[in-house]
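First the structure, in the form of structure tokens, and then the observations on it.
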There are 2 protein chains.
Amino acid sequence: MLAFSREEFQNRVKNVKAKMEERGIEVLLVTDPANMCYISGYNAWSFYVHQMLVVMLDEEEPIWIGRGIDQLGAQKTTWLKRENIIQYGDDYVQNEIKHPMNFIANELIKRGQGNKTVAVEMDNYYFTAKCYMELNKSLPNASFVDAKELVNWVRIVKSENEITLMQRAAKISEIGMADAIAKAEVGIRECDLAAEIYRSYLTGTEEFGGDYAAIVPLMPSGENTGACHLTWTDRKYKEGDAIILELAGCHQRYHSPMARTIFLGKPTDQMQRTADIVAEGINKTLDFIKPGVTCEEIEATWASVLRKYGLEKESRIGYSTGLNFPPDWGEHTISLRPGDKTVVKENMTFHVIPGMWFDDFGFEISETIRVTKNGCEALANFERKLFVK
Amino acid sequence: MLAFSREEFQNRVKNVKAKMEERGIEVLLVTDPANMCYISGYNAWSFYVHQMLVVMLDEEEPIWIGRGIDQLGAQKTTWLKRENIIQYGDDYVQNEIKHPMNFIANELIKRGQGNKTVAVEMDNYYFTAKCYMELNKSLPNASFVDAKELVNWVRIVKSENEITLMQRAAKISEIGMADAIAKAEVGIRECDLAAEIYRSYLTGTEEFGGDYAAIVPLMPSGENTGACHLTWTDRKYKEGDAIILELAGCHQRYHSPMARTIFLGKPTDQMQRTADIVAEGINKTLDFIKPGVTCEEIEATWASVLRKYGLEKESRIGYSTGLNFPPDWGEHTISLRPGDKTVVKENMTFHVIPGMWFDDFGFEISETIRVTKNGCEALANFERKLFVK
């Protein structure tokens with residue numbers, strides 16, 4: 001079931017260890033499910049209980065530690081040796097009295113890692129405050145440091161094999177978005193459109209199917225289009241509704257998000273004008289992206305188009321994307337915004353989403369792009385305009 | 001867009017405050033999205049950035065604090081006054097230099113709450129180790145305590161209105177599971193079955209549609225049925241495959257999970273025997289549940305059936321369920337397992353899932369049940385057997 005060769009996985013371990021050495025980290029506790037998957041292949045919906053991958057400088061292979069009923073999933077989906085898959089008992093699950101981090105600490109001590117410099121992913125969803133407290137208690141001789149987004153940064157430039165999976169995800173996005181636009185109409189319920197979106201995005205193509213995206217369809221409509229993270233309800237679409245669709249094709253956990261906006265009926269002048277500005281802005285922005293420019297310069301290109309029309313936008317206009325698990329398909333590394341001076345490199349992949357959200361309406365066109373040798377290319381091929389029905 | 005009356009929400013606030021007083025908590029920081037929704041109605045996919053609801057003993061209404069682009073969603077989905085919806089700037093988002101908890105701490109200080117006893121949800125996904133460190137730094141005069149599952153325990157007995165939403169979710173489960181069983185066949189891909197499952201579960205009924213479940217379809221098949229948290233791949237089903245489906249109908253964020261197992265072809269004796277034992281076990285267990293019994297007694301009833309056949313199962317056989325957001329539809333309160341001495345009350349709702357997972361195969365039948373005045377009832381009405389196709 002491995003999505004990549006053992007060599008590619010082992011190369012990833014090597015790159016992670018190099019970063020660890022650079023930063024004086026001897027033991028890295030990886031709790032971000034995307035980082036776990038990137039290093040080991042692990043892919044199961046078990047991140048709602050505590051689990052981790054332990055990367056040790058002085059051990060060749062990482063170890064997976066998780067709940068007993070998930071160890072078979074780790075055997076099935078990772079390249080790790082059986083002996084490096086460690087399970088804790090079910091009485092550790094969501095139990096006030098025992099915490100999995102106590103078990104994990106003990107495993108580290110058993111392996112002679114209890115007095116090392118241990119890095120933890122301090123701001124990851126799956127490394128709670130309690131995890132940190134319990135680890136501190138159970139590993140009194142360790143020195144803890146914040147790993148920050150160490151593995152996420154190793155993931156920042158995609159391999160050709162990763163790009164291939166994202167291109168498949170983009171193909172699914174094209175098909176799914178076209179189906180969604182075709183199906184959206186006055187009188188159907190938002191949930192019916194969501195049903196169609198899932199049907200299409202999971203069916204994918206005959207050659208490759210769709211995986212679940214790390215974010216569900218975001219689809220505010222009507223008077224709610226300014227509230228970009230609303231999902232769907234039972235409300236029926238009516239004449240004059242705008243519908244924003246922010247969706248991602250996903251294949252083997254790799255995403256290619258894309259947003260478009262539909263209007264049911266004759267769009268208001270304000271909506272059409274905003275659509276034209278956003279289309280001009282995203283086109284100019286994509287034209288600008290190439291290796292060597294900085295992330296804040298990308299945002300500045302967008303902002304200069306807005307300024308021409310007397311508009312501004314406070315929020316970032318994109319971020320690095322690729323492999324992920326809920327609740328976010330963003331990688332928490334690069335943001336396209338003022339102050340981000342990261343220099344763009346070939347085969348970085350961004351979701352460029354310069355959405356405009358006001359109190360009474362919103363509009364989005366977005367693209368997932370890959371930085372090429374001399375520029376960038378949108379992974380999906382889909383018209384950039386307001387879709388009027 | 002409120003799913004409940006203002007009175008019901010205000011009653012929830014009252015119950016939360018009563019628990020806070022009992023435990024000497026003056027300020028409660030609520031970061032679990034289900035707890036935020038329970039108290040305020042807030043419902044958007046924005047939990048991938050830091051946000052919270054602040055309940056203060058000396059303020060009538062809680063305040064919502066979140067990202068700027070989400071404040072409109074808070075206006076649209078909560079009953080809170082506009083002045084109690086507070087936004088932080090976009091430069092706080094996933095930025096190494098600034099953390100939203102610094103902003104939030106400042107808001108607490110401005111409101112005279114900076115020197116109080118502040119409770120935080122220490123083991124919640126959305127309260128990371130970093131959140132705790134930053135709050136500690138920014139609120140040097142506060143005393144921090146672990147709220148544990150304070151609000152989750154307030155949610156443990158469902159109101160009649162909540163039961164109604166769960167009954168709708170169960171109706172969706174019935175329809176969706178029937179559709180999934182009808183569609184499962186040799187030659188289709190796992191992703192195609194997933195597509196059908198989503199189509200059916202989101203379409204729901206004419207009267208009410210489906211919402212996204214907090215866990216995606218869990219559907220291990222073939223030689224992987226022992227690995228209960230695997231999702232789907234592009235693999236085609238073949239003759240002799242078992243397929244486990246653990247799925248939840250969901251309506252307005254309320255869940256009614258249900259698992260069934262399908263066999264394509266003639267089941268092995270071992271599979272049929274396991275199916276019969278599990279069906280007998282779950283029936284006996286449900287017959288036993290009523291107000292006054294303890295959670296560990298429920299598990300013991302199941303275990304006694306297994307013992308009769310020389311079997312045992314280490315993992316818990318169920319947990320409290322209802323309102324939730326990813327990554328878990330379980331409420332992290334009650335587990336049906338040895339040692340849990342919680343006394344069962346009317347209108348508690350459990351997902352009873354005595355799955356059996358072995359190295360080479362697995363089998364599941366599960367039900368979501370409501371405790372009634374004198375016993376319990378399964379919310380969905382669906383045959384408990386191995387479905388052979």
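The values are calculated or read from the model by the stated rules, or taken from the named source; none is laboratory data. Note that the coordinates shown come from a computational prediction; the quantities given were computed from them, not determined experimentally. Quick reminder, even Gly has a Cβ in these numbers, built from the backbone with ideal geometry, and neighbours come from all protein chains shown.
Here the condition is being facing chain B (nearest Cβ under 10 Å), over 30 Å from A:Lys116 (Cβ atoms) and β-branched (Val, Ile, Thr); of A:Thr164, A:Thr203, it holds for A:Thr203 alone. Note on the stretch A:223-236: among residues that are surrounded by fewer than 23 Cβ atoms within 10 Å (Cβ to Cβ) and modelled with pLDDT of 95 or more, the one that is nearest to A:Phe358 (Cα to Cα) is A:His229. In the condition set (1) surrounded by fewer than 21 Cβ atoms within 10 Å (Cβ to Cβ); (2) modelled with pLDDT of 95 or more; (3) hydrophobic (A, V, I, L, M, F, W, C), A:Phe358 is compliant with all but (2). Of A:Glu206, A:Glu162, all but one fail to be touching a strand residue (DSSP E or B) at 6+ places or on another chain (Cβ under 7 Å) and of a type in the set (D, E, K, R); the exception is A:Glu162. If you go through the stretch B:299-351 and keep only what is touching a Cys at 6+ places or on another chain (Cβ under 9 Å), part of a loop (DSSP other than H, G, I, E, B) and under 22 Å from B:Tyr212 (Cβ atoms), you end up with B:Asn324, B:Phe325, B:Trp329. Cβ-Cβ distances below 8 Å connect the following pairs, each with a first residue in the stretch A:42-68 that is within 11 Å of A:Asn84 (Cβ to Cβ), a second residue that is part of a strand (DSSP E or B) and hydroxyl-bearing (Ser, Thr, Tyr), and a separation of six or more residues or different chains: A:Ile65/A:Tyr88.
Using the structure shown, decide if A:Gln94 is out of contact with any Lys or Arg (no Cβ under 7 Å at 6 or more places or on another chain), buried (at least 19 other Cβ atoms within 10 Å of the Cβ), more than 7 Å from chain B (Cβ to nearest Cβ) and assigned to a loop (DSSP other than H, G, I, E, B). It is false that A:Gln94 is out of contact with any Lys or Arg (no Cβ under 7 Å at 6 or more places or on another chain), buried (at least 19 other Cβ atoms within 10 Å of the Cβ), more than 7 Å from chain B (Cβ to nearest Cβ) and assigned to a loop (DSSP other than H, G, I, E, B).
Among the numbered conditions (1) surrounded by fewer than 21 Cβ atoms within 10 Å (Cβ to Cβ); (2) part of a helix (DSSP H, G or I), the only one that B:Gly24 does not meet is (2).
Just one of (1) modelled with pLDDT of 95 or more; (2) in contact with a strand residue (DSSP E or B) (Cβ under 6 Å, 6 or more places away or on another chain); (3) within 21 Å of A:Phe263 (Cβ to Cβ) fails for A:Gly322. It is (3). Checking each residue in the stretch A:218-240 for being part of a loop (DSSP other than H, G, I, E, B) and either polar (S, T, N, Q) or touching a Phe, Trp or Tyr at 6+ places or on another chain (Cβ under 7 Å) (or both) picks out A:Met219, A:Thr225, A:Gly226, A:Cys228, A:His229, A:Thr231, A:Thr233, A:Asp234.
Restricting attention to the stretch B:327-363, the residues that are closer than 30 Å to A:Asp328 by Cα and charged (D, E, K, R) total 2. Consider the stretch A:192-219 and keep the residues that are within 15 Å of A:Asp179 (Cα to Cα) and within 17 Å of the chain's Cα centre (by Cα). The one that is surrounded by the fewest Cβ atoms within 10 Å (Cβ to Cβ) is A:Pro217.
Within the stretch A:170-191, being small (Gly, Ala, Ser), over 23 Å from the mean Cα position of the chain (by Cα) and either in a helix (DSSP H, G or I) or facing chain B (nearest Cβ under 8 Å) (or both) holds for one residue alone: A:Ala182. Among the residues making up the stretch B:257-274, those that are of a type in the set (D, E, K, R) and within 20 Å of B:Ala182 (Cα to Cα) are B:Arg260, B:Lys266.
For the stretch B:62-91, which residues satisfy the criterion of being of a type in the set (Asp, Glu) and more than 13 Å from chain A (Cβ to nearest Cβ)? Steps first, answer last, please.
Quick first cut of the stretch B:62-91, residues of a type in the set (Asp, Glu) only: B:70, B:83, B:90-91.
B:Glu83, the sole residue that qualifies.
The numbered conditions (1) within 14 Å of chain B (Cβ to nearest Cβ); (2) farther than 22 Å from B:Gly330 by Cα; (3) crowded, with 23+ Cβ neighbours inside 10 Å are all true for A:Asn102 except (3). Give the stretch B:353-370 a look and list any residue that's part of a strand (DSSP E or B) and within 30 Å of B:Glu239 (Cα to Cα), or say none. Passing the criteria: B:Met356, B:Trp357, B:Gly362, B:Phe363, B:Glu367. A count restricted to the stretch A:371-386 and to residues that are surrounded by fewer than 23 Cβ atoms within 10 Å (Cβ to Cβ) and part of a strand (DSSP E or B) stands at 4.
Filter the stretch A:305-321 for residues that are over 19 Å from A:Ala275 (Cβ atoms) and polar (S, T, N, Q) and give the result.
Taking the stretch A:305-321 first, the residues over 19 Å from A:Ala275 (Cβ atoms) are A:314, A:316, A:319-321.
The answer is A:Ser320, A:Thr321.
Within the stretch A:220-231, the set of residues being over 14 Å from A:Leu264 (Cα atoms), under 21 Å from the mean Cα position of the chain (by Cα) and touching a residue at least 12 places away in the same chain (Cβ under 8 Å) comprises A:Ala227, A:Cys228, A:Leu230, A:Thr231.
Please specify each residue of the stretch B:241-265 satisfying the condition of being part of a loop (DSSP other than H, G, I, E, B) and either touching a helix residue (DSSP H, G or I) at 6+ places or on another chain (Cβ under 9 Å) or within 8 Å of chain A (Cβ to nearest Cβ) (or both).
Selection gives B:Asp241, B:Gln252, B:Arg253.
Here the stretch B:105-141 is the region considered, the condition is being part of a loop (DSSP other than H, G, I, E, B) and hydroxyl-bearing (Ser, Thr, Tyr), and the residue that is farthest from the other protein chains (Cβ to nearest Cβ) is B:Tyr126. Considering the stretch A:318-332, and only residues there that are at the interface with chain B (Cβ under 8 Å from one of its Cβ atoms) and buried (at least 22 other Cβ atoms within 10 Å of the Cβ), the residue that is nearest to B:Ile97 (Cα to Cα) turns out to be A:His332.
When the stretch A:342-355 is limited to residues that are within 12 Å of chain B (Cβ to nearest Cβ) and at pLDDT 95 or above, the one that is surrounded by the fewest Cβ atoms within 10 Å (Cβ to Cβ) turns out to be A:Thr342.
In the stretch A:219-240, is there at least one residue being more than 21 Å from B:Glu206 (Cα to Cα), among the aromatic types (Phe, Trp, Tyr) and within 9 Å of another protein chain (Cβ to nearest Cβ)? There is no residue in the stretch A:219-240 that is more than 21 Å from B:Glu206 (Cα to Cα), among the aromatic types (Phe, Trp, Tyr) and within 9 Å of another protein chain (Cβ to nearest Cβ). Taking the criterion of being under 14 Å from the mean Cα position of the chain (by Cα) and on the phi > 0 side of the Ramachandran plot, the only residue of the stretch A:325-359 that qualifies is A:His332. If only residues of the stretch A:163-215 that are free of Cβ contacts under 8 Å to residues at least 12 places away in the same chain and of a type in the set (S, T, N, Q) are counted, the one that is nearest to A:Asp234 (Cα to Cα) is A:Thr203.
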